[in-house]
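The values are calculated or read from the model by the stated rules, or taken from the named source; none is laboratory data. These numbers were taken from a predicted model, which means no experiment stands behind them. Here the Cβ positions follow ideal geometry from the backbone for every residue, glycine too, while neighbour counts run over all protein chains shown. In case anyone asks, the SASA skips ligands and DNA or RNA and just uses the protein heavy atoms, side chains included. Shrake-Rupley method; radii C 1.70, N 1.55, O 1.52, S 1.80 Å.
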Amino acid sequence: MSAIDTQSQANETAMLSVRGLAKSFGGLKAINDVSFDVRPGEVTALIGPNGAGKTTVFNLVTNILARDAGRVVFAGRDLANLSPVEIANLGLVRTFQSARVFPGMTAIENVMVGGHRLGRHSLAGQALWLWRAREEERRTRQRAGEMLELVGLSGFAGMHATELPMGAQKLLEVVRALMAQPKLLCLDEPAAGLNDTETQELANLLRAIRKLGIPVLVVEHNMSLVMNVADRVVVIDSGAIIATGTPAEVQNNNRVIEAYLGKEDHGAS
Amino acid sequence: MLEFVQIAIGGLVVGSMYAAIALGFSLIYRVTGAINLAQGGFALIAALIGYTFGVAWGWPLIVAIPAAVIATVIAGVVLARFTFVPALARLSNANVLMLTAGILTMIEGFSLVVWGSQPYATPPFSGEQPLAFGGITIPTQAFWVFGATALIIAALWFLIAETRLGKGLRACAENPAAASLMGIDVPRMTLFSFGLATLIAAIAGVIVAPSTSLQFDTGRLFTISGFVAAAIGGMASFPGAIIGGLFLGLVTQLSTAYISSLFSSAISLLILLVVLIWRPQGLIAGGVARRQDTRDDVKAAGHAAKLPAHLGWPLAALAVLVAVAIPFAVTDNGIMSSLVIAAILFMALMGLDVLMGYAGQVSLGQAGFMAIGGYTSGYLAINTEIAPALSIFAGIGVSLACALVLSVVTLRLRGLYLALATLAFGLLIDSCAVGFIDITGGPSGLVGIPSFSVAGFTFATPRAMYYLVLALDIVILLGLFGAMRSGFGRALQAIRSDQMAAAALGINTVRYKLAAFLISVTLASLAGSLYAFFFNFLAPEMVGTSRSLELVAMLIIGGESTLVGGLFGALLLTLLPVMSAPLAIYKTFASGALLVASFLHLPQGIYGVLIQLLTRLAGARGEVAAKVNPVSDRVQAS
Ligand SMILES: Nc1ncnc2c1ncn2[C@@H]1O[C@H](COP(=O)(O)OP(=O)(O)OP(=O)(O)O)[C@@H](O)[C@H]1O
Ligand SMILES: [Mg+2]
């Protein structure tokens with residue numbers, strides 16, 4: 001019932017508006033009536049204990065999994081029936097929880113793949129070595145180089161991506177997604193496996209992205225990062241939203257404290 | 001009716017054999033997640049050793065048969081210990097499959113060296129006199145086959161369900177990582193399952209040997225039938241393997257009897273393709289579905305060898321010069337012909353590299369498109385007035401049409417199933433080449449194809465053909481090189497290493513995979529046509545499944561995702577047998593062994609080794625240059 005009610009109220013001003021999302025795996029209700037918004041120009045954090053369903057929300061939003069119910073509107077467009085590729089090409093770009101740099105490619109080539117959706121990539125043009133295709137290639141390479149420069153990874157440009165330190169790989173993935181000039185960037189645990197300085201760099205990068213005017217939806221376990229960077233926090237537990245608000249509001253919410261302490265004091269630090 | 005029952009019993013005999021081999025497939029697949037194509041090879045080896053012991057050396061069968069089985073199992077376990085088991089830890093499952101195709105080729109080559117190419121027949125265990133039941137005669141060997149199969153099934157069931165060892169095997173099948181945490185030695189279990197599968201195959205081989213004729217390449221037939229049976233029934237399910245085997249046996253025997261022996265394998269392959277479209281996991285599914293968003297193939301991609309940028313163009317120019325000069329140095333017509341063959345195959349290899357090396361799409365049926373191209377243009381050139389160049393385009397057109405139909409199946413499949421579907425396609429084309437006698441000339445081949453000619457000039461000599469193919473190779477290489485080092489190639493590589501991440505960046509994976517496939521098909525078809533024009537003749541085995549496997553071997557040996565790597569593999573495998581005639585008989589063995597060795601020890605192939613040597617040489621030189629003139633070096637580097 002409530003799912004239908006909230007569906008009609010998809011927020012027109014939000015960048016991403018999720019209403020009444022639901023998904024079961026077999027008998028397990030992994031996501032149950034989840035609704036939240038990502039506003040333009042803001043960093044929104046999606047937090048919750050392990051197995052709460054955060055990654056599943058990402059997979060449902062990007063149609064990697066088919067949803068049982070609910071409505072997702074991105075930049076005024078209903079994402080129902082679009083393929084993951086089409087969604088990416090609308091400007092909703094996501095990263096994955098496990099580091100997924102492309103092995104077998106150098107760091108700069110990885111970033112260049114991110115720029116793919118902006119190019120024409122005419123096969124004939126490339127095969128015939130036409131000037132236009134080579135110019136496109138040159139510009140992409142230059143822009144990728146600038147991106148790497150931005151996060152201080154220029155030194156790694158020519159190295160195989162898999163040979164980069166873990167922290168650098170995580171940053172590389174974010175930069176690769178950024179290269180696609182997203183209208184909304186969704187990051188799944190970008191800080192997992194990073195040490196304190198690397199996390200600090202990531203926080204700076206997120207702030208820089210916000211400054212560029214790109215809204216971010218980030219799943220994160222690292223509470224200090226969330227509290228430092230996020231404008232709004234959405235808390236999910238056992239597949240349902242239990243709190244939404246500013247970092248300060250959420251931090252003092254009893255249900256949130258309970259959810260975290262009740263399971264394991266994972267994120268409470 | 002009687003006749004039908006008679007045929008059906010024959011079908012069940014053959015089907016039992018298929019079922020046994022299919023059981024071996026399922027067993028290894030369940031424990032390791034990989035497919036072992038060498039299965040049928042072990043069945044053949046056991047049968048041939050049984051022949052040597054029992055017939056050639058005259059041992060009593062009761063000694064000879066068990067001895068042959070034991071010898072085969074020992075050989076299988078040793079082979080697995082040094083190839084299959086280490087490969088599982090390093091290679092993606094699709095590459096393990098190709099490695100086992102290499103093992104199968106090795107076994108074939110070994111059999112060719114030891115037993116030659118003549119057929120063998122082994123005597124039935126209990127005499128030639130068949131038993132008669134009211135009009136139906138059943139050879140006594142059939143009872144041996146039924147009995148042995150039933151025994152194998154019962155023993156396997158007991159082992160898996162009732163023993164501690166079986167529990168370990170099941171644990172590996174469900175979750176290898178968890179199993180190894182629980183203290184189960186996963187590599188040992190892998191080896192054990194391999195040995196067990198070899199045992200099953202060996203028993204099946206010796207028991208069924210009297211009811212069929214054996215030849216060095218019969219193992220491939222065993223493998224393919226068992227494989228098709230397992231895939232129809234459901235790769236992950238033992239009952240599926242048994243049902244698939246019996247079903248396949250019945251279908252092949254009945255269609256041989258009532259339709260045509262030429263099409264019996266075509267029919268079973270069509271059934272397989274239909275099953276792959278309709279139920280890719282087979283008729284009986286086993287196991288659980290995987291999570292979609294986790295990467296399934298972390299071991300997938302290694303680094304390809306790359307030439308240092310400043311050496312690229314000078315070396316390419318040098319290579320072209322050498323290639324142009326070769327005909328002036330080589331006077332031997334045989335060697336010249338092999339060079340032409342290598343250059344033609346290189347064309348197909350570049351296409352295969354785009355598909356396999358860049359896009360990561362396994363194809364074991366590439367020669368099928370060579371066949372379509374070759375037969376189409378050959379037939380047109382013989383029977384119509386059409387210009388040879390146009391007939392090549394016609395061949396490409398037909399090939400592309402077939403490719404589009406096939407892609408309905410292949411675009412939905414990945415890894416193992418893709419390999420399976422392409423293999424099935426290649427075999428289907430094989431049997432069509434044999435079966436459509438009016439068009440293809442059947443087993444004896446299509447004769448009287450004219451030499452290639454364009455605008456009145458005929459490329460009749462190997463030398464003329466050499467320059468034609470060389471020019472085409474260079475143009476194709478340049479074009480592909482342009483595409484592969486740009487956005488197109490990067491998109492393919494991204495898809496190869498991680499489809500889902502590629503899609504999340506807006507790369508249309510279906511479109512790119514299809515494009516890579518069509519490029520490879522075009523080049524294979526072109527190569528097939530040139531092949532036919534060059535030989536003035538085309539026979540099914542010239543463009544059959546062994547050719548497909550050879551192409552894969554050449555590509556891997558030469559070096560994947562390099563475009564030029566294939567040339568080295570092609571040169572090695574075509575020139576060596578010609579240069580030294582005594583080596584020719586070892587060619588099959590060598591191509592299998594080299595494929596296996598490259599997978600395990602030279603992941604970048606010959607090309608990679610050459611690049612490393614060059615880089616080291618250039619590096620040593622570069623250091624000297626840097627000392628002499630540091631400024632210019634820095635300018636170059638920036
Ligand atoms: N494709 C799937 N098939 C079956 N179950 C799934 C699938 N995806 C997720 N689940 C289950 O749904 C629940 C939520 O998983 P999800 O990965 O979304 O959690 P998460 O919040 O991202 O956790 P973590 O912090 O560990 O990443 C878990 O119980 C998980 O096992
Ligand atoms: Mg998660």
### Task
Output the residue which, of all residues in region A:200-227 that are more than 14 Å from ligand 2 (Cβ to nearest atom) and more than 21 Å from A:Leu150 (Cα to Cα), is nearest to the other protein chains (Cβ to nearest Cβ).
A:Val226
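Let's see how each residue does on (1) aliphatic (A, V, I, L, M); (2) part of a helix (DSSP H, G or I); (3) touching a Phe, Trp or Tyr at 6+ places or on another chain (Cβ under 7 Å):
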position	(1), (2), (3)
A:Gly20	no, no, no
A:Ala30	yes, no, no
A:Asp37	no, no, no
A:Phe58	no, yes, no
A:Val73	yes, no, no
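Starting from residues that are assigned to a loop (DSSP other than H, G, I, E, B) and within 16 Å of ligand 1 (Cβ to nearest atom), keep the ones in region A:75-106 and report whichever is farthest from the other protein chains (Cβ to nearest Cβ). Before the answer, list the steps.
Going residue by residue through region A:75-106, those that are assigned to a loop (DSSP other than H, G, I, E, B) are A:75-76, A:79-83, A:91, A:95-105.
Checking which are within 16 Å of ligand 1 (Cβ to nearest atom) leaves us with A:95-100.
On the way: A:Thr95: 8, A:Phe96: 6, A:Gln97: 8, A:Ser98: 6, A:Ala99: 10, A:Arg100: 4 Å.
Filtering first and then ranking leaves A:Ala99.
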### Query
On the given criteria, is A:Thr56 within 9 Å of another protein chain (Cβ to nearest Cβ), of a type in the set (S, T, N, Q) and either out of contact with any helix residue (DSSP H, G or I) (no Cβ under 8 Å at 6 or more places or on another chain) or away from ligand 1 (no atom under 16 Å from the Cβ) (or both)?
yes
#### Entry: Test: B:Phe488 is in a helix (DSSP H, G or I), of a type in the set (A, V, I, L, M, F, W, C), more than 7 Å from every other protein chain (Cβ to nearest Cβ) and under 22 Å from B:Leu472 (Cα atoms)
no
### Task
Can you give me the number of residues within region A:135-180 that are part of a loop (DSSP other than H, G, I, E, B), within 13 Å of chain B (Cβ to nearest Cβ) and open to solvent by 30 Å² or more (accessible area, probe 1.4 Å)?
2
### Message
Testing A:Tyr260 on (1) away from ligand 1 (no atom under 13 Å from the Cβ); (2) assigned to a helix (DSSP H, G or I), one condition comes back false. Which one is that?
### Response
(1)
### Task
Mind listing whichever residues of region A:183-203 are within 23 Å of A:Ala75 (Cβ to Cβ) and open to solvent by 10 Å² or more (accessible area, probe 1.4 Å)?
A:Lys183
### Query
Could you say whether any residue in region B:466-473 is free of Cβ contacts under 8 Å to residues at least 24 places away in the same chain, surrounded by fewer than 20 Cβ atoms within 10 Å (Cβ to Cβ) and not in a helix (DSSP H, G or I)?
no
### Conditions (1) more than 8 Å from every other protein chain (Cβ to nearest Cβ); (2) over 20 Å from A:Asp188 (Cα atoms); (3) part of a helix (DSSP H, G or I): number failed by A:His116
(1)
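Which one of B:Ser486, B:Ser525 is modelled with pLDDT of 95 or more and surrounded by 22 or more Cβ atoms within 10 Å (Cβ to Cβ)?
Values: B:Ser486 fails: modelled with pLDDT of 95 or more.
B:Ser525 is the lone residue from the list that is modelled with pLDDT of 95 or more and surrounded by 22 or more Cβ atoms within 10 Å (Cβ to Cβ).
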### Message
Pairs please, first residue from region A:24-49 and within 15 Å of ligand 1 (Cβ to nearest atom), second anywhere and basic (Lys, Arg), Cβ atoms under 7 Å, 6+ apart in sequence or on different chains.
### Response
A:Ala30/A:Lys23; A:Ile31/A:Lys23; A:Leu46/A:Lys54; A:Gly48/A:Lys54; A:Pro49/A:Lys263
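Step by step: first the residues of region A:184-199, then only those that are touching a strand residue (DSSP E or B) at 6+ places or on another chain (Cβ under 7 Å) and either charged (D, E, K, R) or part of a helix (DSSP H, G or I) (or both), then the one that is nearest to the other protein chains (Cβ to nearest Cβ). Which residue is that?
At the first step, the residues of region A:184-199 found to be touching a strand residue (DSSP E or B) at 6+ places or on another chain (Cβ under 7 Å) are A:184-190.
When the remaining residues are screened for being either charged (D, E, K, R) or part of a helix (DSSP H, G or I) (or both), the result is A:188-189.
Details: A:Asp188: 9, A:Glu189: 13 Å.
Only one residue tops the list, namely A:Asp188.
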### Task
Would you please name the residue that is nearest to A:Leu206 (Cα to Cα), looking only at residues in region A:37-53 that are more than 13 Å from every other protein chain (Cβ to nearest Cβ) and crowded, with 22+ Cβ neighbours inside 10 Å?
A:Val43
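If you take just the helices (runs of 4 or more DSSP H) that sit entirely in region B:160-250, which of them hold at least 3 residues that are crowded, with 23+ Cβ neighbours inside 10 Å?
Working: elements: B:164-174, B:176-181, B:186-208, B:218-233.
The qualifying helices (runs of 4 or more DSSP H) are B:186-208, B:218-233.
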### Query
Which of the residues belonging to region A:11-53 are of a type in the set (S, T, N, Q) and either within 16 Å of ligand 2 (Cβ to nearest atom) or in contact with a Lys or Arg (Cβ under 7 Å, 6 or more places away or on another chain) (or both)?
A:Ser35, A:Thr44, A:Asn50
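Determine if region B:506-514 includes at least one residue that is assigned by TED's automatic domain parsing to the domain that holds B:Ala570, in contact (Cβ under 8 Å) with a residue 24 or more places away in the chain and among the hydroxyl-bearing types (Ser, Thr, Tyr).
Yes, some residue in region B:506-514 is assigned by TED's automatic domain parsing to the domain that holds B:Ala570, in contact (Cβ under 8 Å) with a residue 24 or more places away in the chain and among the hydroxyl-bearing types (Ser, Thr, Tyr).
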### Message
Given the condition within 27 Å of B:Ala177 (Cβ to Cβ) and either aromatic (Phe, Trp, Tyr) or open to solvent by less than 10 Å² (accessible area, probe 1.4 Å) (or both), answer yes or no: does some residue in region B:63-78 qualify?
### Response
yes
### Query
What is the residue count in region A:228-240 for residues that are in contact with a Ser or Thr (Cβ under 8 Å, 6 or more places away or on another chain) and away from ligand 2 (no atom under 16 Å from the Cβ)?
4
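For residues in region A:204-234 being outside any helix (DSSP H, G or I) and within 16 Å of ligand 1 (Cβ to nearest atom), which is most open to solvent (accessible area, probe 1.4 Å)?
Of all residues in region A:204-234, those outside any helix (DSSP H, G or I) come to A:212-222, A:230-234.
Keeping just the survivors that are within 16 Å of ligand 1 (Cβ to nearest atom) gives A:217-222, A:233-234.
Values: A:Leu217: 2, A:Val218: 8, A:Val219: 0, A:Glu220: 5, A:His221: 28, A:Asn222: 51, A:Val233: 0, A:Val234: 3 Å².
Ranking the qualifying residues of region A:204-234, first place goes to A:Asn222.
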### Query
Taking the condition open to solvent by 20 Å² or more (accessible area, probe 1.4 Å), within 18 Å of the chain's Cα centre (by Cα), touching a residue at least 24 places away in the same chain (Cβ under 8 Å) and not assigned by TED's automatic domain parsing to the domain that holds B:Phe216, does B:Ser520 pass?
no
### Task
Being among the hydrophobic types (A, V, I, L, M, F, W, C) and open to solvent by 40 Å² or more (accessible area, probe 1.4 Å) narrows it down to one of A:Leu123, A:Leu92, A:Leu79, so name that one.
A:Leu123
